[in-house]
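One structure is given here, and the rest of the page talks about it.
The values are calculated or read from the model by the stated rules, or taken from the named source; none is laboratory data. Computed from a prediction, not measured in an experiment: that's the story for all the values here. Positions of Cβ are generated from backbone atoms using ideal geometry, with glycine treated the same way; all protein chains shown enter the neighbour counts.
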Amino acid sequence: MAEDLRTKISTGRLKPGERLPSEAQLASGYAVSTATLRSALAVLHGEGLVEKIHGKGNFVHRPLRRITYIGGGRTLRTEPSAESALRVSVRTTHLQAHGQLIGLLGVSVDSPLTEFHCLSYDGTSPHSLARIYVPRDLAPTDVPAESHCCKSVDAVLAELRPLPAEVRERVSARPPTPEEATTLRISSVMAVLAVTRVAADNTGRVVEAALLVLPGDRADALFTTHHMTMRGRAENDDPQ
């Protein structure tokens, strides 16, 4: 059954965005139990071929633009597309430091913070997620609740703040949390690219901590290392 649906999707008989028959209709048509049907749909969901939208049903997943995380900076880059630009929804919340935020930002318990919850959409499908935390006294006040751009999930905020003096980042692949899987409408077995980024100013104060979640079926990470030549190193060490 999964193979048959996979073939119909790959050959275009089932088109991107098309709603599949109801689970009852599919189970009847393939003469399988509901449990077997849901297992097959879970496989297709995990492969990124089928998307389940709560209350609406199962749909053929639209191909989503790939997104590249540019290491050492604060940018994401999406591949060009003739389709509409990514839409970024930003929710701003004031909260107090707790849990891992205390260590990431180097602040005391209950220090005032501002969270920017940024969710990008490619058409109507969630594309990537960023949760950005800033000390309350440094938080920009003119962040729009929604933006249309092709730049990045958090470009809305990056453009409002100066570049930090130092950026530390940790990149890992892991399963999504239940909340992330629901928000991004991805399978709980699909790996995500998780980026934890901490930015500090020239005094060493942490000015921003970001938790980025990029679904593995559309994410790449790019890091560029600049090696110093022996001559350049000698010139930098010259006490003149």
Quiz item: Hey, GLY204 hits all of (1) modelled with pLDDT of 90 or more; (2) in a strand (DSSP E or B); (3) of a type in the set (Gly, Ala, Ser) but one; which does it fall short on?
Solution: (2)
Quiz item: Do any strands (runs of 3 or more DSSP E) lying entirely in segment 1-85 carry at least 1 residues that are within 22 Å of VAL192 (Cα to Cα), at pLDDT below 85 and of a type in the set (A, V, I, L, M), and which ones are they?
Solution: 50-53, 67-70, 75-78
Practice problem: Any chance you could count how many residues in segment 1-47 are within 23 Å of PRO175 (Cα to Cα) and among the aromatic types (Phe, Trp, Tyr)? | Solution: 0
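What are the residues in segment 105-126 that are under 14 Å from THR183 (Cα atoms) and either in contact (Cβ under 8 Å) with a residue 40 or more places away in the chain or touching a helix residue (DSSP H, G or I) at 6+ places or on another chain (Cβ under 9 Å) (or both), if any?
Matches in segment 105-126: CYS118, LEU119, ASP122, SER125, PRO126.
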Quiz prompt | Selection count, segment 166-200, where residues are polar (S, T, N, Q), touching a residue at least 40 places away in the same chain (Cβ under 8 Å) and over 20 Å from SER89 (Cβ atoms) | solution = 2
Self-check item: In segment 11-53, the residues that are exposed (fewer than 11 other Cβ atoms within 10 Å of the Cβ) and touching a residue at least 12 places away in the same chain (Cβ under 8 Å)
Solution: LYS15
Self-check item: PRO144 being out of contact with any Lys or Arg (no Cβ under 9 Å at 6 or more places or on another chain), closer than 18 Å to LEU86 by Cβ and modelled with pLDDT under 80
Solution: yes
Exercise. Considering every residue within segment 103-121, establish whether at least one is part of a loop (DSSP other than H, G, I, E, B), among the small types (Gly, Ala, Ser), at pLDDT 90 or above and at positive phi.
Key: yes
